[in-house]
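Notes to accompany the following structure.
The values are calculated or read from the model by the stated rules, or taken from the named source; none is laboratory data. Source: prediction; values computed, not measured. When we count neighbours, we look across all protein chains shown, and the Cβ atoms used for this are built from the backbone with ideal geometry, even at glycine. What goes into the accessible areas is simple: the full protein's heavy atoms, side chains included, and nothing from ligands, DNA or RNA. Shrake-Rupley method; radii C 1.70, N 1.55, O 1.52, S 1.80 Å.
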Amino acid sequence: MNCSISGEVPEEPVVSTKSGLLYEKRLIERHISDYGKCPVTGEALTMDDIVPVKTGKIVKPRSLTAASIPGMLGMFQNEWDALMLSNFALEQQLHTARQELSHALYQHDAACRVIARLKKERDEARSLLAQAERQAPLPASAATANVSALSNGKRAAESEDMGPGGKRMRPGVSDSIIAELTECNAALSQQRKKRQIPPTLAPIDALERYTQLSSHPLHKTNKPGITSIDINLSKDIVATGGVDSSAVLFDRTSGEILSTLSGHSKKVTSVKFVAQNDVFLSGSADKTVRIWQGSEDGKYDCRHILKDHTAEVQAVTVHATNNYFVTASLDTTWCFYDLSSGLCLTQVEDPSNSMGYTSAAFHPDGLILGTGTTGATVRIWDVKSRGNVANFDGHTGAVTAISFSENGYFLATAAHDGVKLWDLRKLKNFRSFELYDQDTPTNSVDFDHSGSYLAIAGSDIRVYQVGSVKAEWNCIKTLPDLSGTGKATCVKFGPDAKYLAVGSMDRNLRIFGLPEGDDASTVS
């Protein structure tokens, strides 16, 4: 007798009192616990309706296939065939999964390309919108100042007023702007007389122990090189401009990149923070200057693209009012801009000068502008009259960097032959540093905000204690260029000279300062 469920001879046979059917005990118990009814008739069934059947112990006969060698070989062959069929099915499933994965990856790549193209189109649309807003007609009061006749770097329309030689007319620096600059100059000059060196300034003993604290790969590996550095002293944010056509904003405290600003088509040559309103400026070898506006979420949007220059923009410098800035270019001109509108108020070109500008910086009081040229000359300008009031000669090669001391008396300039210090009161050179060999130019100079230290970058980084016209300027510290390129391109002091930010021709921003746990305040 066989089990009504399995069809085999049961080991523990039981019989249903309701249907009289025979079952294997373990099978019918499980079925009743799951369904509570007879598996054959469907009648309600409990274990009380099951009666065990007593049978004698029997030995199960060996199956026919296992009773002989040919039978066993046949059984093995059947098992092997089943195994091969299962393996074939698994291979088919694997092939199908690979095809589906390849298709999904292709769709993902296509979606990324579409997203990138849409972002590019969005950025171009924003740029066109910003340009259209700048070109839109202004109120009648502004029209009287001839502002409506300008298109801010775009090709002049037929109706625009053109000056001699087909050059665009500029609205000029108005009397109200000159008054604003003069008032700012008077206020800053008065403050400077009362200014004292802050007690939080890093002492000389601390600078002597500066070493590399960190290195941060901010730019792309395929186009390495940092060309410019600026620091927002109030927020301790470092900005770098790179050969990879992007500018990077880096939070030194947290060690995180806040934003990567893309849009320029060639290397970024100059970056500058505006101390107010979270505005950032970048100049590029693509002949443009971009004004970036920060938002609450930490992102920066390009507010204006300025196209007034016809050659590489080499320098951007912000006026002390934080309302105006100047750009200098290899096209032998410098432009004075209104920051809020992005409008070029005047473009200054000296007919007697055929040299392009390679660097520029405002005097701390804001009424003097210094520019370095490709012809090794430093030109000093009166901002109010836009007149060239002094020239400093003596360098060899292009003037790569300019920095005014905060005391307002000294000017440091860097060129191929080293660094020269100029006395602005007597308009003469009173000290020169020939630091490197003739094949190694000096790339950057920077006075700290207190005017107590001077940093120089070339094949290494050197920090000098600021002296006077007669007193010596002693070298406090020499830091090696750890990039392996032998060319430190830019250097900038952090707040209170507590650290130095250095850029080189690799893609890393390097921070030099006191090692962790070595507090400058404990140094006598």
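Residue-level check: of (1) assigned to a loop (DSSP other than H, G, I, E, B); (2) in contact with a helix residue (DSSP H, G or I) (Cβ under 7 Å, 6 or more places away or on another chain), ALA206 misses just (1).
Residue pairs whose Cβ atoms lie under 7 Å apart, separated by 6 or more positions or on different chains, with the first residue in the range 203-221 and under 17 Å from VAL268 (Cα atoms) and the second open to solvent by 60 Å² or more (accessible area, probe 1.4 Å), are PRO217/ARG507; LEU218/ILE257; LEU218/ARG507; HIS219/ARG507; LYS220/ARG507; THR221/ARG507. Only one of the numbered conditions (1) aliphatic (A, V, I, L, M); (2) open to solvent by 50 Å² or more (accessible area, probe 1.4 Å); (3) touching a Gly at 6+ places or on another chain (Cβ under 7 Å) is violated by VAL466, and that is (2). Looking across the range 485-508, the residues that are charged (D, E, K, R) and either touching a strand residue (DSSP E or B) at 6+ places or on another chain (Cβ under 7 Å) or closer than 19 Å to LEU249 by Cα (or both) come down to LYS487, LYS492, LYS498, ASP506, ARG507.
Return the residue satisfying two criteria in turn: it lies in the range 227-264 and is open to solvent by 60 Å² or more (accessible area, probe 1.4 Å) and among the polar types (S, T, N, Q), and of such residues it is nearest to ARG126 (Cα to Cα).
By that ranking, first place goes to SER262.
Scanning the range 1-20 for residues that are among the hydrophobic types (A, V, I, L, M, F, W, C), assigned to a loop (DSSP other than H, G, I, E, B) and surrounded by 17 or more Cβ atoms within 10 Å (Cβ to Cβ) yields a total of 2.
Determine which member of the set GLY294, GLY283 is open to solvent by less than 30 Å² (accessible area, probe 1.4 Å) and farther than 18 Å from THR269 by Cβ. So the residue among GLY294, GLY283 that is open to solvent by less than 30 Å² (accessible area, probe 1.4 Å) and farther than 18 Å from THR269 by Cβ is GLY294. Taking the stated definitions as given, is THR400 in contact with a Lys or Arg (Cβ under 6 Å, 6 or more places away or on another chain) and of a type in the set (S, T, N, Q)? When the stated conditions are applied, THR400 does not pass them. Residues in the range 297-315 that are open to solvent by 30 Å² or more (accessible area, probe 1.4 Å), part of a loop (DSSP other than H, G, I, E, B) and modelled with pLDDT of 90 or more: LYS307, THR310, GLU312. Taken together, the criteria place SER403 among residues that are small (Gly, Ala, Ser) and buried (at least 17 other Cβ atoms within 10 Å of the Cβ). May I ask you to list the residues in the range 376-395 that are in contact (Cβ under 8 Å) with a residue 60 or more places away in the chain and touching a strand residue (DSSP E or B) at 6+ places or on another chain (Cβ under 9 Å)? Those that are in contact (Cβ under 8 Å) with a residue 60 or more places away in the chain and touching a strand residue (DSSP E or B) at 6+ places or on another chain (Cβ under 9 Å): VAL383, ARG386.
A residue that is under 29 Å from LEU233 (Cα atoms), over 30 Å from the mean Cα position of the chain (by Cα), surrounded by 21 or more Cβ atoms within 10 Å (Cβ to Cβ) and of a type in the set (S, T, N, Q) occurs somewhere in the range 449-458.
Among the residues of the range 366-382, count how many are within 22 Å of ARG192 (Cβ to Cβ) and in a strand (DSSP E or B).
Residues that pass the stated criteria total 6.
Restricting ASP81, ASP123 to those that are within 37 Å of the chain's Cα centre (by Cα), in a helix (DSSP H, G or I) and at pLDDT below 95 reduces the list to ASP123. Given the conditions (1) part of a strand (DSSP E or B); (2) surrounded by fewer than 16 Cβ atoms within 10 Å (Cβ to Cβ), which single one is not true for SER352? Every condition holds for SER352 apart from (1).
Look at ALA398 and say whether it is touching a Ser or Thr at 6+ places or on another chain (Cβ under 6 Å), free of Cβ contacts under 8 Å to residues at least 60 places away in the same chain, within 23 Å of LYS272 (Cβ to Cβ) and not in a strand (DSSP E or B). Spelling it out, ALA398 is indeed touching a Ser or Thr at 6+ places or on another chain (Cβ under 6 Å), free of Cβ contacts under 8 Å to residues at least 60 places away in the same chain, within 23 Å of LYS272 (Cβ to Cβ) and not in a strand (DSSP E or B).
Exactly one residue among ASP393, ASP423 is in the same structural domain as PHE325 (by the TED database), at pLDDT 90 or above and open to solvent by 30 Å² or more (accessible area, probe 1.4 Å), and that residue is ASP393. Annotation note: of VAL274, VAL238, the sole residue that is under 17 Å from ALA315 (Cα atoms), hydrophobic (A, V, I, L, M, F, W, C) and touching a residue at least 24 places away in the same chain (Cβ under 8 Å) is VAL274. Against the conditions (1) within 25 Å of the chain's Cα centre (by Cα); (2) over 16 Å from ILE402 (Cα atoms); (3) at pLDDT 90 or above, VAL445 satisfies every one except (2).
Out of (1) open to solvent by 20 Å² or more (accessible area, probe 1.4 Å); (2) out of contact with any Phe, Trp or Tyr (no Cβ under 6 Å at 6 or more places or on another chain), what's the single condition that is false for VAL318? For VAL318, the failing item is (2). Scanning the range 42-65 for residues that are part of a helix (DSSP H, G or I), loosely packed, with under 10 Cβ neighbours inside 10 Å and among the polar types (S, T, N, Q) turns up nothing.
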